[in-house]
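Participant: Before anything else, here's the structure in question.
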Amino acid sequence: MTRPSPATPRAAHTATGDDLVRLLPPPPPPRLDSGTVTADPGILAAHRADHATFTPAGEPAALVRARTTADVSATLRLATELGVPVVPQGTRTGLTGGANAVDGCILLSLEKMDRILGIDPVEQIGTVQPGVVNAVFSREAAGAGLFYPPDPASWESSTLGGNIATNAGGFCCVKYGVTRDYVRGLEVVRADGAVMRTGRRTAKGVAGYDLTGLFVGSEGTLGVITEATLALRPATAEPLTAVAFFATAVEACRLIVELMAGEPRLSMVELMDAPSIEAVRAFRDPGFPPGIGAALLVQSDSAEAAADLSAFAALCGRHGAEVITAGDREESRMLLEARRMVGPAVESLGTILPDDVCVPRRALPDLLAAVGAIADRTGLTITCAGHAGDGNMHPTIIFDAGDPGQTALAQQAFDDIMRLGLDLGGTVTGEHGVGLLKRGWLRTELDPVAAATHDAVKRALDPLGILNPGKVIATPEGD
Ligand SMILES: Cc1cc2nc3c(=O)[nH]c(=O)nc-3n(C[C@H](O)[C@H](O)[C@H](O)COP(=O)(O)OP(=O)(O)OC[C@H]3O[C@@H](n4cnc5c(N)ncnc54)[C@H](O)[C@@H]3O)c2cc1C
């Protein structure tokens, strides 16, 4: 055996990474900094599911209420060590079962991370923790003369973390775009507990892959959002509001197709069909005239808002619709409230299966007609309200979950509407996300290569499959 030459210290060159790791002290065990853990059965039951009451929810093992990024990191490190699933949660207003527990999981609530960290009027950004409620942030931005446009109907209760994780839309997206368009950068905790920053605070920035975009709409399956930098816009003029009443929803949709092809450019175009109006009337009467087939609520926030609404009224006249313009801020608020009431009103009528198809705008008349035909065929009430200016409607099937016959009919109607949305050239979800509810339909919508790419991204970021397993994509075992 020859001795190594003193000029070539072989021992130093052949040490492996594992040798070096053995020399290092072990990492400190994960511990919660300031968050709390509970396994109280009553509390766990209250946090088990989101608003999609018809989707299955498992039995959680514990609830962690994180207060810091370190708490989230510690939770995920522990979960990785133990191989335990983790389900991130905002305020559980989701409509797809995305925040539902899976058996034996840790529910990781971000609700207590609810601080607005700053609003910068020069950069026109706000920095927030994920548990800040949308409306709280929007009001704070307005106080600084700025405007945060994404405004889901749940804006008084849903969190910005949940909005980002679902890429939520809302009323004024028709003019200003969806949540994705306002997320500049994120702090994200990976499945292994490592903390990373993505994106930028600056007005522009293209360094590297768009990791920020990857996490927007990932529904808690790729990482946990612990901070966000959100773009703001200068405040707009006080919007003017009008409502037009139509004989049928299909006629209202024909007007929308014409409206969206030209002027005026409105900041809200929301449709309520007759069953939605009836549901709201029974819940909290908005005072709409009796016997109408549809109501179209619009706003303009441009400097020429009055002229915009006059042009809208003229267009409505050609479609035989009566138009009422809100006389003041209170009337305007009441009209918007009527639209926001659709969700709670339909939830009060029974179990609901909400679709969320988004179709090309010119296909709206066909969508509304076909949904009406599905309701007639099944004999079930299907309300159809939504962000019609974006082609994003929420046909919502109301049924008695205790009646197996009705449940089967409701599932069939849901699937028929998903199929219809795709056949009309649209997508199975415009804003609510996939969650548990549309997992199978996502596979139908994606081509095989795109589906395999989804799976590869999931494996790369969550190799043990502990983050919100079974949501959005099939589990590695397939289901
Ligand atoms: C009455 C009503 C009206 C609604 N209107 C609209 C609407 O107009 N537009 C719209 O888009 N949606 C709407 N929704 C659906 C829902 O409010 C949105 O999906 C909302 O973005 C969910 O926010 P949340 O805080 O409740 O999140 P949750 O429901 O708690 O979670 C939603 C998903 O995000 C994940 N998640 C939550 N927080 C984080 C985080 N910090 N990091 C990683 N993942 C996370 C969860 O795992 C889950 O997959 C409505 C719901 C209701 C009940």
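Participant: What is region 19-157 by shape, rounded, prolate or oblate, if you read a ≥ b ≥ c off the alpha carbon gyration tensor as root eigenvalues and call it rounded for a/c under 1.5, prolate for a/b larger than b/c, and oblate otherwise?
Facilitator: Numbers: a/c = 2.66, a/b = 1.28, b/c = 2.07.
Taking the square roots of the gyration eigenvalues as a ≥ b ≥ c, region 19-157 is oblate.
Participant: Could you estimate the translational diffusion coefficient of region 36-109 from the Stokes-Einstein equation, with Rh from the Kirkwood formula over C-alpha pairs, at 25 °C and 0.890 mPa s, in whole µm²/s?
Facilitator: 201
Participant: Give the angle, between 0 and 90 degrees and rounded to the nearest 10, that separates the Cα long axis of helix 448-461 from the longest principal axis of the Cα atoms of the chain.
Facilitator: 50
Participant: Additional query: Cα centroids of region 82-135 and region 435-455: how far apart, whole angstrom?
Facilitator: Region 82-135 and region 435-455 have Cα centres spaced 24 Å from each other.
Participant: Rounded to the nearest 20 Debye, what is the dipole magnitude of the chain about its Cα centre when Lys and Arg each give +1 and Asp and Glu each give -1 at the C-beta? Before the final figure, lay out each step's value.
Facilitator: Numbers: 40 positive and 56 negative charges, 320 e Å.
Computed about the Cα centre, the dipole is about 1540 debye.
Participant: Calculate how large, on average over all directions, the projected area of the Cα convex hull of region 240-423 is; give the answer in nm² to one decimal.
Facilitator: One quarter of the hull surface, i.e. the mean projection, equals 9.7 nm².
Participant: Okay, next question. Rg to Rh for region 405-449: what is it, with Cα atoms only and Rh by Kirkwood?
Facilitator: 0.99
Participant: On to the next question. Hey, what angle do you get for helix 329-340 against the long axis of the chain, alpha-carbon based, 0 to 90 degrees rounded to 10?
Facilitator: Taking the Cα atoms of the chain, the angle to 329-340 is about 70 degrees.
Participant: When the solvent-accessible surface of protein heavy atoms is calculated with a 1.4 angstrom probe, in what order do Phe137, Phe147, Phe283 fall, highest first? Write down the numbers at each step before the final one.
Facilitator: Values: Phe137 0, Phe147 45, Phe283 85 Å².
The residues order as Phe283, Phe147, Phe137, largest area first.
Participant: Tell me the per residue accessible area of the chain using a 1.4 Å probe; a whole number in Å² is fine. All intermediate terms of the calculation are to be shown ahead of the outcome.
Facilitator: Details: 21350 Å² over 479 residues.
About 45 Å² of surface per residue is accessible.
Participant: Moving to a separate point now. Would you mind working out the magnitude of the charge dipole of region 240-423 relative to its Cα centre, with +1 at each Lys and Arg C-beta and -1 at each Asp and Glu C-beta, to the nearest 20 Debye? Don't skip to the end; give the middle numbers.
Facilitator: Details: 13 positive and 26 negative charges, 32 e Å.
Roughly 160 debye, rounded to the nearest 20.
Participant: Let me ask something else. Restricting to DSSP H runs of at least four residues, report the calculated mean residue ellipticity at 222 nm for the chain, -39500 (n - 2.57) per run over all residues, nearest 500 deg cm²/dmol.
Facilitator: -10500 deg cm²/dmol
Participant: If the reach is capped at under 30 angstrom between alpha carbons, list the lysines near Lys458, excluding any in the same chain fewer than eight residues apart.
Facilitator: In chain and number order, the partners are Lys112, Lys204, Lys438, Lys471.
Participant: Based on the Cα gyration tensor of region 218-269, what are the three equivalent ellipsoid semi-axes, each the root of five times an eigenvalue, rounded to whole Å and given largest first?
Facilitator: 35, 19, 11
Participant: Let me ask something else about it. Which distance in nm do the two modelled labels at Ser348 and Ala369 give, with both placed 7 Å along the Cα-to-Cβ direction?
Facilitator: Between Ser348 and Ala369, the label points sit 3.4 nm apart.
Participant: Round to a whole number: what % of the accessible area of region 36-109 belongs to carbon and sulfur, probe 1.4 Å?
Facilitator: Using a 1.4 Å probe with all protein chains present, region 36-109 comes out at 59 percent carbon and sulfur.
Participant: On the accessible surface of region 325-398, probed at 1.4 Å, how many percent belong to carbon and sulfur atoms?
Facilitator: C and S atoms contribute 50 percent here.
Participant: How would Arg459, Arg362, Arg329, Arg439 rank on accessible area, largest to smallest, probe 1.4 Å?
Facilitator: Arg362, Arg329, Arg459, Arg439
Participant: Could you work out the mean projected area of the convex hull around the alpha carbons of region 389-430, in square nanometres to one decimal?
Facilitator: 3.1
Participant: I'd like the orientation of helix 404-423 relative to the chain: the angle between its Cα long axis and the longest Cα principal axis, in ° from 0 to 90, rounded to 10.
Facilitator: That works out to roughly 90 degrees.
Participant: Related question: Keeping every protein chain in place, order Ile417, Ile116 by accessible area at 1.4 Å, biggest value first, i.e. largest first.
Facilitator: Values: Ile417 0, Ile116 50 Å².
Highest to lowest solvent-accessible surface, that is Ile116, Ile417.
Participant: Using the Cα gyration tensor of region 347-402, with a ≥ b ≥ c the square roots of its eigenvalues, what is the shape: rounded (a/c below 1.5), prolate (a/b larger than b/c) or oblate (neither)? Spell out each step's value before the answer.
Facilitator: On the way: a/c = 3.21, a/b = 1.67, b/c = 1.92.
It comes out oblate by the Cα gyration axes.
Participant: Go through Gly320, Leu78, Tyr182 and say which Cα lies farthest out towards the positive end of the charge dipole of the chain; charges sit on Cβ, +1 for Lys and Arg, -1 for Asp and Glu.
Facilitator: Sorting the options by dipole projection puts first Leu78.
Participant: Related question: Choose one of Leu107, Pro395, Phe171: the residue whose Cα lies farthest towards the positive end of the charge dipole of the chain (beta-carbon charges +1 Lys, Arg; -1 Asp, Glu; about the Cα centre).
Facilitator: Positive-most Cα among the choices belongs to Leu107.
Participant: Would you mind estimating how fast the chain diffuses translationally, via Stokes-Einstein at 20 °C and 1.002 mPa s with the Kirkwood radius over Cα pairs, in µm²/s? Let's see the in-between values first.
Facilitator: On the way: Rh = 24.0 Å.
D, rounded to a whole number, is 89 µm²/s.
Participant: With both partners inside region 36-109, how many of the DSSP beta bridges are antiparallel, as a percent to the nearest 5?
Facilitator: 25
Participant: Of the heavy-atom accessible surface of region 116-234 (probe 1.4 angstrom), what whole percent is carbon and sulfur?
Facilitator: Carbon with sulfur: 54 percent of the solvent-accessible area.
Participant: Something else now. To the nearest 20 debye, what is the magnitude of the charge dipole of region 351-479 about its Cα centre, counting +1 on the Cβ of each Lys and Arg and -1 on the Cβ of each Asp and Glu? Before the final figure, lay out the partial values.
Facilitator: On the way: 10 positive and 17 negative charges, 47 e Å.
My answer is approximately 220 debye.
Participant: Please give the solvent-accessible surface of Trp441 in Å², to the nearest 10, using a probe radius of 1.4 Å with every protein chain present.
Facilitator: Rounded to the nearest 10, the figure is 40 Å².
Participant: Then there is this: Tell me, what is the 1.4 Å probe accessible area of His51, in Å² to the nearest 10?
Facilitator: Surface open to solvent at His51 totals about 70 Å².
Participant: If you don't mind, another one. Relative to a virtual label point 7 Å from the Cα of Arg281 in the Cα→beta-carbon direction, which members of region 237-255 show backbone nitrogen distances below 20 Å?
Facilitator: 243-253
Participant: Rounded to two decimals, what is the ratio between the C-alpha radius of gyration of region 116-234 and 2.2 N^0.38 Å?
Facilitator: The value comes to 0.98.
Participant: Next question. Between region 236-315 and region 22-80, what is the C-alpha centre distance in whole Å?
Facilitator: Result: 44 Å between the Cα centres.
Participant: Any idea of Val250's accessible area? Nearest 10 Å², probe 1.4 Å.
Facilitator: 40
The values are calculated or read from the model by the stated rules, or taken from the named source; none is laboratory data. Remember, predicted model here, so these are calculated numbers, not experimental data. All Cβ positions, even for glycine, are placed from backbone atoms using ideal geometry, and neighbour counts span all protein chains on display. Side chains included, ligands, DNA and RNA excluded: accessible areas come from the protein's heavy atoms. Shrake-Rupley method; radii C 1.70, N 1.55, O 1.52, S 1.80 Å.
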